[in-house]
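Here the structure is laid out as structure tokens; the discussion comes afterwards.
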Amino acid sequence: MYHSALLKNTSFINGKWISSSNSFDVINPFNNQIVAKVADANANNAEQAVIAAKNALKTWSAKSAHDRAMILKKWFTLIMENQDELATILTLEQGKPLAEAKGEIAYGASFIEWFAEEGKRVYGDTIQAPSSDKRIVVIKQPVGVVAAITPWNFPNAMIARKAAAALAAGCTFVVKPATLTPLSALALAELSVQAGIPAGVFNVVVGTDSQQMGEVLTTHKSIAKFTFTGSTAIGKILLNQCASTVKKVSMELGGNAPFIVFDDADIDAAVKSAVTSKFRNAGQTCVCTNRILVQSSILEEFTTKFVSAVQSLKLGSGLEENISVGPMITKSATTDVKKLVIDSITAGAELLTGGDSELGSNFYQATVLANVTNDMPIAANEVFGPVAPIIAFNTEQEAIEVANDTEYGLAAYFYARDIGRVWRVAEALEFGMVGINDSAISNAAAPFGGIKQSGNGREGSKYGLDDYMEIKYLSMGGI
Ligand code: NAP
């Protein structure tokens, strides 16, 4: 078993590590061995965390933005100093290659650094009043206690991205991470103590009864804002639950990203970018390329080069050197992807490479399917696995229609050089984020988020703080 001072195994509430009579196992998806036994928190613990966050709110929100920034920067520094250890814990519980895990730690930390600074730049307004004896002033204030539920695919960054903005705005925070990957969240809590984040400001409740804990986090009257990253199906349930107390809500949900390659594209650049965007985290990323659309005149060249690049990807343990694709999160995730591939082949898709399990039941080979149409299961669903379906198209209009033909609207990518086409396509794509000759689109300075059934709200950028602040209008009379 891996030993580390950052490997914690109980929930963290009001600055204390809280044990429980029950526990659950955290499993390494590479070899199905137990990484840690973790105390199983319940709905009462979630409520304790909410009360702790409520009690801590007054003092934390009263601090100056500068003082909060100093503490958040310390947190950022500690995370980066412990990057290797945090990445190892992340790979052990989640499976992704260590280089990607290190990248995730740095990416998550970058939001803490960014929002530490951005918190100092919260501005209000003065507005011309309709009569001369009045003044109109607009101020922004922290929304209050924030509750979050996060997924297993980015167990560090999906928490850091939310907590950074919430804490910088002056809110206090309770997160319930995914049951499959609680250790990265608890390691962040340990470093929050070392950074001097006061008790009750950052709380982590880990447990298997997500439904009951989710009920508390979406309905408790002391919670002002609920933020979720996860599947659209669960997001809809939680949105409904939040309605009972009319919470401010933001949702980062599923995606079905098209990656369009037009005939004027730099094909080699498009191939390289499509491989990275598709196979990062074994295809288990919300902004992963889900469908590759290629113009018919360059289909053969693109496909040949793409298949060759995919065949060079090496599967294995995330802790080994030079591994490009790690295991999928569970055996059942692999089974789901296998079924999408088989059903699509039955519907007429052609298997060009991959298509089978390898190295045990949690691995699925990097797979390419050709002759795919947008109604086949592999294109109509969020695949969440290492499978690249290729769809051919003839005209720009056809590509746009196929790309937009999904209930999701998170990320889209396209490769083209004609400047008129670049503008036309960028404006026509119904997605919150569009990568143009680029698929590495996410960073702390940019607004991350989706439209349609991919959610609402934005994480990162100058817009990210708004999700954690209320606008208050002061009408001053008798002047
Ligand atoms: P999920 O099944 O929706 O689970 C996400 C979180 O919700 C987990 O913590 C889960 O807890 C919890 N949960 C599940 N059912 C619940 C319920 N009834 N009440 C309260 N909480 C509940 O999603 P996932 O499989 O972990 O993550 C993959 C999905 O996340 C994909 O659709 C992906 O696209 C999306 N995602 C979106 C973004 C984005 O920024 N838009 C980023 C990353 C991932 P348990 O772990 O205990 O089940």
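Values quoted throughout were computed directly from the atomic coordinates according to the rules given, and no laboratory measurement underlies them. Source: prediction; values computed, not measured. Cβ sites come from the backbone with ideal geometry, for glycine too, and all protein chains shown count toward neighbours.
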Q: Would you be able to tell me the number of residues in region 157-195 that are touching a helix residue (DSSP H, G or I) at 6+ places or on another chain (Cβ under 7 Å) and closer than 22 Å to Tyr463 by Cβ?
A: 15
Q: Given the conditions (1) surrounded by fewer than 23 Cβ atoms within 10 Å (Cβ to Cβ); (2) acidic (Asp, Glu); (3) within 25 Å of Ile223 (Cα to Cα), report the number of the one that Glu118 does not fulfil.
A: (1)
**Q.** Close pairs from region 453-471: first closer than 20 Å to Ala116 by Cβ, partner among the aliphatic types (A, V, I, L, M) and assigned to a strand (DSSP E or B), Cβ under 7 Å, at least 6 apart
**A.** Tyr468/Val146
**Q.** Of the criteria (1) within 26 Å of the chain's Cα centre (by Cα); (2) away from the ligand (no atom under 15 Å from the Cβ), which one Pro447 fails
**A.** (2)
Q) Among Ile234, Ile197, which is the only one that is within 16 Å of the ligand (Cβ to nearest atom) and not in a strand (DSSP E or B)? A) Ile234
(Q) I'm told Ala440 meets every condition in (1) out of contact with any Ser or Thr (no Cβ under 7 Å at 6 or more places or on another chain); (2) surrounded by 15 or more Cβ atoms within 10 Å (Cβ to Cβ) except one. Can you identify the failing condition by its number? (A) (2)
(Q) Which of the numbered conditions does Lys225 fail, given that it passes all the others? Conditions: (1) more than 10 Å from the ligand (Cβ to nearest atom); (2) in contact (Cβ under 8 Å) with a residue 60 or more places away in the chain; (3) part of a loop (DSSP other than H, G, I, E, B). (A) (3)
(Q) For region 361-396, give me the residue count where each residue is closer than 25 Å to Ile323 by Cα, in contact (Cβ under 8 Å) with a residue 60 or more places away in the chain and assigned to a loop (DSSP other than H, G, I, E, B). (A) 7
Q. Can you find a residue in region 421-434 that is closer than 16 Å to Asn290 by Cβ and among the small types (Gly, Ala, Ser)?
A. yes
Q. Can you tell me which residue in region 312-346 is nearest to Val383 (Cα to Cα), limited to those that are away from the ligand (no atom under 16 Å from the Cβ) and surrounded by fewer than 15 Cβ atoms within 10 Å (Cβ to Cβ)?
A. Lys339
